[in-house]
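Take a look at the structure set out below.
The values are calculated or read from the model by the stated rules, or taken from the named source; none is laboratory data. Since the structure is predicted, the reported quantities are computational estimates derived from the model, not experimental observations. Here the Cβ is made from the backbone with ideal geometry for all residues, glycine too, and neighbour counts use every protein chain on show.
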Amino acid sequence: MESSPLAAPNLRTWSGLVRIDNVTWSWLGGANDGTNINNATLMSTKVTPTRTVFVYQTEKMDLAVTFLSPIEPSDPVRQSLPFTYVAFEANSTDGKAHDVQIYSDVGADWIAQSPFACSYSWKETEDNVFCTSTDRSGAPLAESANQATDITLYYATHKISNMATRFGSEKECYLLFSESGPPGLSTNKTIPGHVNVFSMAYDVGSITTTSSPIVWTLGIVRNPVLSYYIDSRQSQLRYPYYASQYTKIGDIIDFVLSDFPSALNRAIAFDNKVLVPASAISTKYADLVSLSVRQTIGSTELTISKSADGGWNISDVKAFMKDVGTSRRVNPVEVLYASFPCFLFVDPSYGGKLLAPLLEFQGSASWTQAYSVRDLGNNYPNTTAILEAHNQGVEREYLRSPLTSELLNLVIW
């Protein structure tokens, strides 16, 4: 189980296994608890603004696992798609062909604190297969223990003839795959335990190297994504920008998976654009930039509204940022100020989309204070009209940020 502390104490399950000549190795997570699964040896890690690449060693093959989070603010459709990739490659180290079978799963803990609250199913398009799962008791536009309650999870991959899927307990799926490969996931054999992972496995045959990466995409989808109070008297729902182009999830899955080769090339070009000037300052600075860009862009959502006739208003584009560090504040001015150099470098127009809701609310009749707004509330994904006065003006005071001057600087930039 790969446990990622996105917002402690919440953990997320994401596992990966590979069978090489009937010997099973873990390349993501620690799925060896009583299952006779070996841990592949981590040889190197590379982190860029868009990618994290792990290289592993097993007895007979080297493995490369790439996590790709595209950053494409100049393309609002792609930027607003809440999908990430993981790509798997294997290469023989002894020059011989080996029988290779590959497994991956994600857990119900991505969407609910209890797996018993989840509904789940497998679906297919002509070219792809995916699982979908939701929290049956989830409330819209709400969070519980720092986890959104209105998520729909999608985990998808290309459909091939020698593959299998299964809902089951972690140990059940790990053991069945370790014993028999993909056919094991298709058996009626069960091992006690509640369903908490959605697994899929490939048999890629006898190979010396993967001819192309095995790719999965993970989507954490919310629609609508935010309730926006224009002023203290009216609000509107905000929707992800991609909804103006795609209405069916199958079409989204097909697009995302088919776009991977191009997305990878664009990501490499983006990384070079960012890291070449950063590396000219120092390698340590480039490392800091690599760690921060993905987190900065990833804390935002690009949204549109609906027109009076129910159609999409793609001329009304606003971006919203969650203060993911310590609170649920929406578009906090001091956080925007600290992150604005990133937006100005990546795409200045994206910064304008983040400022737009702040300036719109500040320009409404509801805001009558002497200084600028501090944020759009502290209950993401709901903006609220916080109208109380503050004294965070244009000069810095002890333990106080000069929010008004910071907002003025953001507008001037």
If you scan the stretch 365-379, which residues turn out to be in contact with a strand residue (DSSP E or B) (Cβ under 9 Å, 6 or more places away or on another chain), in a loop (DSSP other than H, G, I, E, B) and surrounded by 14 or more Cβ atoms within 10 Å (Cβ to Cβ)? SER366, TRP367, ASP375, LEU376, GLY377, ASN378
Any hit, the stretch 176-194, residues being of a type in the set (Asp, Glu), in contact (Cβ under 8 Å) with a residue 40 or more places away in the chain and within 28 Å of VAL65 (Cα to Cα): no
Positions within the stretch 44-73 being assigned to a loop (DSSP other than H, G, I, E, B) and not aliphatic (A, V, I, L, M), in sequence order: THR48, PRO49, THR50, THR58, GLU59, LYS60, SER69, PRO70, GLU72, PRO73
Report those strands (runs of 3 or more DSSP E) wholly inside the stretch 78-170 carrying at least 3 residues which are of a type in the set (Gly, Ala, Ser). 83-92
Residues in the stretch 303-342 that are among the hydroxyl-bearing types (Ser, Thr, Tyr), surrounded by 17 or more Cβ atoms within 10 Å (Cβ to Cβ) and within 19 Å of ASP75 (Cα to Cα) total 2
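Determine which member of the set SER114, SER144, SER137 is in contact with a helix residue (DSSP H, G or I) (Cβ under 9 Å, 6 or more places away or on another chain), without any contact (Cβ under 8 Å) to a residue 40 or more places away in the chain and over 28 Å from TRP27 (Cα atoms).
Details: SER114 fails: over 28 Å from TRP27 (Cα atoms); SER144 fails: in contact with a helix residue (DSSP H, G or I) (Cβ under 9 Å, 6 or more places away or on another chain).
Criteria check complete, one pass: SER137.
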Which ones in the stretch 318-364 are charged (D, E, K, R), without any contact (Cβ under 8 Å) to a residue 60 or more places away in the chain and part of a strand (DSSP E or B)? LYS322
Qualifying residues in the stretch 3-21 (those that are at pLDDT below 80 and of a type in the set (Ser, Thr, Tyr)) - the one nearest to PHE177 (Cα to Cα): SER3
Those residues of the stretch 152-181 which are modelled with pLDDT of 95 or more and either of a type in the set (Asp, Glu) or within 22 Å of TYR380 (Cβ to Cβ) (or both) amount to THR152, LEU153
